[in-house]
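K.L.:
Structure incoming, see below.
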Amino acid sequence: MTARGNGETAFGVLMHRQLKLIHQMLRSDLAVCRDLAAEIAAGAEAAEISEQIAALRTRSPLWTLQVNCLYHCRVVHAHHGHEDADMFPALRRSNPELSAVVDKLEADHRAISSLLDDVEESASELDDTTANPARQRLVTALGRLEEDLLAHLAFEEDSIALTMRSWEEWP
């Protein structure tokens, strides 16, 4: 695959698009978790939640929130693990000038990992009690995660685009 006039290759463009697609799925899942947390924080009726859990556990907002948040956290942890192990070293090899950017991205991953742990812990502590402090902790943790993760994803996509889009093969 040869480079285009702008230095991009078909392989590199495809790799960058794939990264952005994965990031869009993470953004979408985060929005679902945030919306569900808002319902719970707004005081969804404990009796209503209990009825829904008893009638059809998988349709309960509380159960859905727990499952979706925990799933989302695992996906983000795994995605960042793959980037740390594979993509970031490839970026460093192909463009040593990105070293400071990759350092920041790796630091972001560590900070986001801590936020994901906060979300997982709060989500796992939810119950039918509207006064349960885990509800507000979850809303707060998701707000912090949303802010930091969305900023990280945008920075990553923008900062590595030129290098990634120039790859003719995996470096």
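K.L.:
Return the pair list, or none, for Cβ contacts closer than 6 Å from residues in region 67-80 that are free of Cβ contacts under 8 Å to residues at least 60 places away in the same chain to residues that are not aliphatic (A, V, I, L, M), at least 6 apart or on different chains.
P.N.:
Final answer for the pair search is ASN68/CYS33; LEU70/GLU120; HIS72/ASP29; HIS72/CYS33; CYS73/GLU120; HIS80/HIS109.
K.L.:
Turning to a different aspect of this structure: In the list HIS72, HIS109, HIS82, HIS77, which residue meets the criterion of being more than 21 Å from ARG165 (Cβ to Cβ) and surrounded by fewer than 17 Cβ atoms within 10 Å (Cβ to Cβ)? Can you show your working first?
P.N.:
Numbers: HIS72 fails: surrounded by fewer than 17 Cβ atoms within 10 Å (Cβ to Cβ); HIS109 fails: surrounded by fewer than 17 Cβ atoms within 10 Å (Cβ to Cβ); HIS82 fails: more than 21 Å from ARG165 (Cβ to Cβ).
Unique residue meeting the criteria: HIS77.
K.L.:
Considering only region 147-171, how many residues are farther than 16 Å from ILE22 by Cα and surrounded by fewer than 17 Cβ atoms within 10 Å (Cβ to Cβ)?
P.N.:
7
Coordinate-derived values only; no laboratory data. The model shown is predicted, which means the values in this text are computed figures rather than measured ones. No Cβ is skipped: glycine too gets one built from the backbone with ideal geometry, and neighbour counts run over all protein chains shown.
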